[in-house]
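The values are calculated or read from the model by the stated rules, or taken from the named source; none is laboratory data. Every value quoted in this text rests on a predicted model; they were computed, and no experiment measured them. When we count neighbours, we look across all protein chains shown, and the Cβ atoms used for this are built from the backbone with ideal geometry, even at glycine. To get the accessible areas, we keep the full protein, side chains included, count just its heavy atoms, and leave off ligands, DNA and RNA. Shrake-Rupley method; radii C 1.70, N 1.55, O 1.52, S 1.80 Å.
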Number of protein chains: 2
Amino acid sequence: MVKPVTSFLKRFLIGRPLKSTELGEQKLNKAKALAILSSDALSSVAYGPEQILLVLITIGATALWYSIPIAIGVLLLLTALILSYRQIIFAYSHGGGAYVVSKENLGKYPGLIAGGSLLVDYILTVAVSVSAGADAITSAFPNLHEYNVMISVVFIVFITILNLRGVTESASVLAYPVYLFVLALAILMGTGLYNILTGNVPAELHVPLGTPVAGISLFLLLRAFSSGSSALTGVEAISNAIPNFKSPAAANAAKTLMAMGAILAVLFSGIVVLAYYYGVAPMAEVTVVSQIAEQTFGRNAMYYFIQGTTALILVLAANTGYSAFPLLAVNLAKDKFIPRMFTMRGDRLGYSNGIIILGVLSILLLFVFGGKTEQLIPLYAVGVFIPFTLSQTGMMVKWMRGKPKGWVQKFTINTVGALISFLVTIMFFLTKFTQVWPVLIFLPLLILLFHRINKHYEAVADQLRITTCEQGIQIEGNVIIVPVAGITHVVMNSLNYAKSLSAHQIIAVHVPFEREEEAVFEEKWEKWQPDVRLVTLFTPYRSIIQPLTKFIDTVQRKANESNYKVTVIIPQFIPKKGWHNILHNQSSLLIRAHLLFRKDVIVTTVPYHLKK
Amino acid sequence: MVKPVTSFLKRFLIGRPLKSTELGEQKLNKAKALAILSSDALSSVAYGPEQILLVLITIGATALWYSIPIAIGVLLLLTALILSYRQIIFAYSHGGGAYVVSKENLGKYPGLIAGGSLLVDYILTVAVSVSAGADAITSAFPNLHEYNVMISVVFIVFITILNLRGVTESASVLAYPVYLFVLALAILMGTGLYNILTGNVPAELHVPLGTPVAGISLFLLLRAFSSGSSALTGVEAISNAIPNFKSPAAANAAKTLMAMGAILAVLFSGIVVLAYYYGVAPMAEVTVVSQIAEQTFGRNAMYYFIQGTTALILVLAANTGYSAFPLLAVNLAKDKFIPRMFTMRGDRLGYSNGIIILGVLSILLLFVFGGKTEQLIPLYAVGVFIPFTLSQTGMMVKWMRGKPKGWVQKFTINTVGALISFLVTIMFFLTKFTQVWPVLIFLPLLILLFHRINKHYEAVADQLRITTCEQGIQIEGNVIIVPVAGITHVVMNSLNYAKSLSAHQIIAVHVPFEREEEAVFEEKWEKWQPDVRLVTLFTPYRSIIQPLTKFIDTVQRKANESNYKVTVIIPQFIPKKGWHNILHNQSSLLIRAHLLFRKDVIVTTVPYHLKK
């Protein structure tokens, strides 16, 4: 038996099982929650501003000043989103975020679109961020480059195990790098702004705001804006994960969201402003953050501290997926759109099935794309802005319907958010269609799958439902069939059991492969069990299943006439050691599986445990 | 259900199932048998002579004339082996070759050594010859070189399927290339000898026989001799495969063996003689056969015909493994040294399990060695000469014991064969120890495994054996436990069945994960099934198995006191379509497996087939 070894390994990796009542201890305080739920959003500071500059530089260096008004636009959108999600947290404090909001206010299908695209998005988050982190490492150590995918897989396995150990434990481990990253960027900004204010940065480096730029167009500006908006992915994660917060969960989640919004706003605008004053233009080899850090500190310890924490937070952004995916899956599973197993808590009270499946799917994605997941970023961004738009439209409907006190202000916030999100979504389709078109294929397919799963569950529930007074039809008697391979203790055991059941009839069935064997067996049987009827079914095809099922069909037809039930009793000997099983033809297992799934007979296994 | 598709695919690849009585039509005539059983031996003509020259050239070109006396030695050994195996065929006409001969005359362990090393050898044959064939192809088309392993795997899959279709069918397909190869070499030899006899080959090309050579040693000559003897692998295959021959099987097999010996002798000596007269020295890039063909014909169509058929026969040598391995495995399995499944005939009356496992293992070997299997050739040769030695020693013992008419002559043949084989074996160990040492590791391990498997089967047989008057202890009554998850039709179905069995007691068991659920369920149950006792087992750990098995243990302890049996009835609903299964937590399957293998309880599954 391998059990003890695997069991030991499981305990070692995951820890002892927890009681359901220990769930309270597995909740997060605000500081830890901020760390694990904001790593995705905060990590986008490392690439968001760069995305804006990359679009502007196509016109020329003089266009770079537009990053300032565009950043203001992004900050406006961020503000609208944060305020809007704050309202969602209070209105839907059981979690579920965009999925629940859209479902309840807009209907089932908008809900499924929001839920489905977020579900896929979290898988993309994990794959994209882990491979970005692996890239950062292999840029520093180029001889590791060919192991990129393997390094990413190791990261995913590590984060998966950490999450299986439970949410508090993963938060304790992962909080340090997140806060170190925030600290590193804060020092960078402080020093940078001090330099600018004290005039240490030459004014020639930047183009004055408002400098006219030839060839600039609204389309280009909108494109830069939507690229910059990809920094806002991950903002919705907290609204999905409210059940993980210490109580009062909603209030704590709302405060955490506000804190995340404030940090994100400061870091994002800080990077944009520094980049503007330093006149940083995006380069193929060196990131914008790296350029700013180098201009501020030179290549000293501080520079490497900033680079190191940036690489770390890119990997940890994956953890946001691990926090939000399982909880979103629970919501979809409770509504019977995805398999029920997602609702089960594991040994450590996390939703282990969701965690494991997220890990497996993102590893698959890594292999499919050979670790080159950058191409997935626009797909991933559009997958976030679709639910953003839907959830805020849902909130608009909610305020319109309920009209609670002060609803106009709330309605306005959500309307602004919905409009900007919708605009960004459209921009993604207009400006990056070649990268985002797959969403138009897989979202409908996913929703079709949700629909079919749901239909199946409903059909099953219909068929199983019972009223408490129903008793069903009584069975009048039993016919027992015992397939026998020889005259052994195993068969004797099964026959004695069959006799103890006071059945209407017991029939032993033997399937000989050769004519000579048939007669010999019948004779021996007559001597051994004269009171049990033996039927021999000769077959020239060396397979027991076919003649046996044909015989069972015949018996069953007769039995049904008198409301008798047919039971097949399968004698099976169980070897003492697991590996012995490969030494025996497991025909009994085959027969059992075949009969259970194909025939309406009851299948009984009488085990005979070998002692040596 | 995927069944119909896989079933269709199986029929398409393998053909319709055959009746056991059609076995006679699956037997081979001599021409076909010669083709498929001699391909291994004949293919070695393509590399055997070269092996001799490779050793001699280390001294210098003047030493090449020694190939003639060495070839005479090889021919002597071949004659002794053929005559000896002819005697084995008549003495042991049920097949089994070296294994059966050694076992019956020398004892169990010599038998297992012979059988074990042949078993491994056939796996090596397949891997080595298929990758040699792939090499031949990728030498012609170098841009295919990186697909070497894949090409080999495709060959193996192809030969495996052909053999699963049945032995006559594979023989029909494979006979052509073998006879074409023989024809090609015959034309080559005829033309070559004609050239020599008509004086078209300049005499300066070859060193006269008997030229003294500096630095020659007995050790070197013996080494060259044993290298040349590797051409004799495959000679034993016919003796293993006698049951595949049309009757009279033994006589036909003996004639086929003689024919194979004659062809092999002619081709082998022909190549050696031509190489000598043409003064061919081995080269890294061009094989000896290729050099002879080029000197004889130039690079014309005939040259490519010879090269093509040579490549083909190298691949087809694998088929000898497919003919001999399954039959050897049957013999070992009948004696209970390897799993019983090797004795079962498949749909097409071949021993499919042996065929499939041979294919799988040789593919594995290919992957492990990355397709570079040349290094395995010495290992493979020594694995043949060990059973050669043992089987002929066995025959010596047989003649000594029985002393039938004319035994002295027979004894002499076998003694010569045994001595030379033993000498070759020793030479392999002395001259190529670095390549053949693994045999000293894996043979003992293999024999230990055989021994343990045998012990297990004996122990099982002991425990199952019964005398026809034994009736066993009657069961006094039954206690039935029904695990129930809810109040559904599935549970109702199972309860009605339990009630129909006139059991002593029926206990329904429910495992709630929350305290509140417990009371609610008990109340509902009381209304629904007041006559069935309900036991609820609250658990804080979200797993049913542990509390359930603990409860079963308690019930069982009581039941045993009164000689009652415990039956666990598991309600299970069966979805209509296969894919639906992943939508349901298969706790019933888990519970059943756990109970059957760990506990001495009877497990009954009452299926409830869903209709939609």
Cα centroid of region B:142-163 to Cα centroid of region B:518-550, whole Å: 59 Å
Kirkwood Rh in Å, taken over all unlike Cα pairs in region B:201-359: 19.4 Å
Span from the region A:165-185 Cα centroid across to the region A:393-450 one, whole angstrom: 31 Å
Amide H contacts of A:V509 (H built 1.01 Å from N, under 5 Å, at least 5 apart or other chain): A:V482, A:V484, A:V535
Debye log10 I(q)/I(0) for region B:385-452, one point scatterer per Cα, at q = 0.12, 0.25 Å⁻¹: -0.44, -0.99
Kirkwood Rh (inverse of mean 1/r, distinct Cα pairs), region B:288-357, angstrom: 14.7 Å
Charge-dipole axis of region B:1-120 as Lys and Arg at +1 and Asp and Glu at -1 on Cβ define it, positive-most pick from B:L56, B:I82, B:A33: B:A33
Angle between chain A longest axis and helix A:108-140 axis [Cα atoms, degrees, rounded to 10]: 70 degrees
Estimated FRET transfer efficiency (A:L430, A:V408; beta-carbon r; R0 22 Å; 0.05): 0.10
Accessible heavy-atom area order of B:W437, A:W407, A:W528, A:W579, highest first, probe of 1.4 Å: B:W437, A:W579, A:W407, A:W528
Electrostatic dipole magnitude of region B:43-457 [Cβ: Lys, Arg +1; Asp, Glu -1; Cα centre; debye, to 20]: 1740 debye
Spatially proximal lysines relative to B:K403 (Cα-Cα < 26 Å; intrachain offsets below 8 disregarded): B:K103, B:K108, B:K255
Magnitude of the charge dipole, the protein assembly as shown, Cβ model with Lys/Arg +1 and Asp/Glu -1, debye to 20: 2880 debye
Rounded D (µm²/s) - region B:30-146, Kirkwood Rh over Cα pairs, Stokes-Einstein at 4 °C, 1.567 mPa s: 74 µm²/s
Computed Rg/Rh of region B:43-457, alpha carbon atoms with Kirkwood Rh: 0.96
Estimated [θ] at 222 nm from DSSP helical runs (n ≥ 4, -39500 (n - 2.57)) normalised by residues in the protein assembly as shown, nearest 500: -22000 deg cm²/dmol
Separation of alpha-carbon centers, region B:43-119 and region A:191-244, rounded to whole Å: 81 Å
Cα pair distances of region B:393-503 binned at 10 Å [whole percent]: 10, 14, 15, 18, 12, 8, 11, 12, 1
Other-chain or far-sequence residues with amide H under 5 Å of A:L28's (modelled H): A:F245, A:K246
Size-normalised alpha-carbon gyration radius of region A:511-612, reference 2.2 N^0.38 Å: 1.21
Proximal lysines relative to A:K550, as straight alpha-carbon distance under 19 Å, when same-chain residues fewer than 8 apart are discounted: A:K558, A:K565, A:K599, B:K3, B:K19
Surface share of carbon and sulfur [accessible, 1.4 angstrom probe, percent] for region A:43-457: 70 percent
Cα long-axis angle, helix B:489-500 against chain B (0 to 90 degrees, to the nearest 10): 80 degrees
With at most 15 neighbouring Cβ atoms within 10 Å, loop GluC sites (Glu not before Pro) (DSSP) excluded, longest segment of chain B: B:1-284
Test item: Cα-centred dipole of region A:477-609, Lys/Arg +1 and Asp/Glu -1 on Cβ, debye: 480 debye
For A:H451, inter-copy label distances in nm, listed shortest first [label point 7 Å out on the Cα-Cβ vector]: 6.7
Interface burial for A against B (accessible surface, 1.4 Å probe, total of both chains, Å², rounded to 100): 7600 Å²
DSSP-defined beta bridges in the protein assembly as shown - what % are antiparallel, rounded to 5: 5 percent
Dimensions (Å) - region A:105-167, Cα atoms, principal axes, largest first: 53, 26, 13
Mean accessible surface per residue for the protein assembly as shown, computed with a 1.4 Å probe while every protein chain stays in place, in Å²: 42 Å²
Rg ratio (alpha-carbon, reference 2.2 N^0.38 Å) - the protein assembly as shown: 1.19
